[in-house]
Amino acid sequence: MTEETIFSKIIAGSIPCTKVYEDEVVLAFLDISPNNLGHTLVIPKVFSTDATDTDPVTMSHIMTVGQRIARAQRKCLNATGNNLIFICGKDGGQEVFHTHLHVIPRFADDGVFEPANHTKYAEGEDVTIAEKLAAAI
């Protein structure tokens, strides 16, 4: 299956990007709207909508490249942390429906993300949800 997205156009070379890394499986380039300078996207060259429908071998390669980029961000940009994030589905906040890993360099007090909202399980709800997930896996 092939979908035309901004990322497929970047892979085809019809839209330019600032390339960080490329091999036969993935292309990595700087995000045009970065959370921090050096924010890099790693995308598979073979189309998939998001990380939930990307084949496991490709996912492993995306993560391997993402890890290498994260290490480079720490070394070259003096980042003191990183976020490696897949955003999946419209309700997850995905904007470009082509699998992509965000590799974001982080720095002390950079204010990139607000503290996360956390919730609590009602009595026994954790067990019920865990059982449902285990059965679906």
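The values are calculated or read from the model by the stated rules, or taken from the named source; none is laboratory data. Only a predicted model underlies this, so the values are computations on that prediction, with no experimental measurement involved. Positions of Cβ are generated from backbone atoms using ideal geometry, with glycine treated the same way; all protein chains shown enter the neighbour counts. Calculation scope for accessible area: heavy atoms of the full protein, side chains included, ligands and nucleic acids excluded. Shrake-Rupley method; radii C 1.70, N 1.55, O 1.52, S 1.80 Å.
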Item to check | Three-way shape label, the chain, alpha-carbon gyration tensor, a/c 1.5 | outcome: oblate
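Taking only C-alpha pairs under 8 Å that are 6+ residues apart, what is the relative contact order of the stretch 4-83 in percent? Don't jump to the answer; show the numbers that get you there.
Values: 74 pairs, mean separation 15.6, N = 80.
Relative contact order comes out at 20 percent.
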Checklist outcome for this item: To the nearest 10 degrees, the tilt of helix 125-136 (Cα long axis) against the first principal axis of the alpha carbons of the chain is 60 degrees
Checklist entry - Out of His98, His118, His39, any idea which swings most in a Gaussian network model of the chain, alpha carbons joined below 10 Å? => result His118
Checklist outcome for this item: FRET efficiency for Ile87 and His118 from the Cβ-Cβ distance with R0 = 22 Å, rounded to 0.05, comes out at 0.70
Next on the checklist: On a straight-distance basis, which lysines could pair with Lys75 in a cross-link, Cα separation under 24 angstrom, same-chain partners fewer than 8 positions away excluded?
Outcome noted: Lys19
Item to check | Calculated [θ] (222 nm, deg cm²/dmol) that DSSP helices of n ≥ 4 give over the chain, each run adding -39,500 (n - 2.57) | outcome: -9500 deg cm²/dmol
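Counting heavy atoms of the protein chains only and a 1.4 Å probe, report the per residue accessible area for the chain as a whole number of Å².
Values: 9110 Å² over 137 residues.
I get 67 Å² per residue for this part.
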Checklist entry - What does the charge add up to near Asn78, with Lys and Arg as +1, Asp and Glu as -1, over the other residues with Cβ less than 13 Å from its Cβ? => result +3
Checklist entry - Leaving out same-chain residues fewer than 8 places away, which lysines sit with a Cα under 20 Å from that of Lys132? => result Lys120
Checklist entry - Cβ under 11 Å from Leu27's Cβ, Leu27 left aside: what net charge do those residues give with Lys, Arg +1 and Asp, Glu -1? => result -1
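Got a number for carbon plus sulfur as a percent of the stretch 88-137's accessible area, 1.4 Å probe?
Working: 2130 of 3960 Å².
Using a 1.4 Å probe with all protein chains present, the stretch 88-137 comes out at 54 percent carbon and sulfur.
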Checklist outcome for this item: Any residue on another chain or 5+ positions along whose placed amide H is under 5 Å from the amide H of Leu27 is listed here as Ile43, Lys45
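Taking K and R as +1 and D and E as -1, what net charge do the other residues with C-beta under 13 Å from the C-beta of Gly89 add up to?
Working: positive: Lys90; negative: Asp50, Asp53, Asp91, Glu95.
Taking every Cβ under 13 Å from that of Gly89, the sum is -3.
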Item to check | aspartates and glutamates with Cα under 20 Å of Lys9, excluding same-chain neighbours fewer than 8 positions away | outcome: Glu22, Asp23, Glu24, Asp31, Asp50, Glu95
Item to check | Label point distance in nm, Asp109-Thr18, each placed 7 Å from Cα along Cα→Cβ | outcome: 2.6 nm
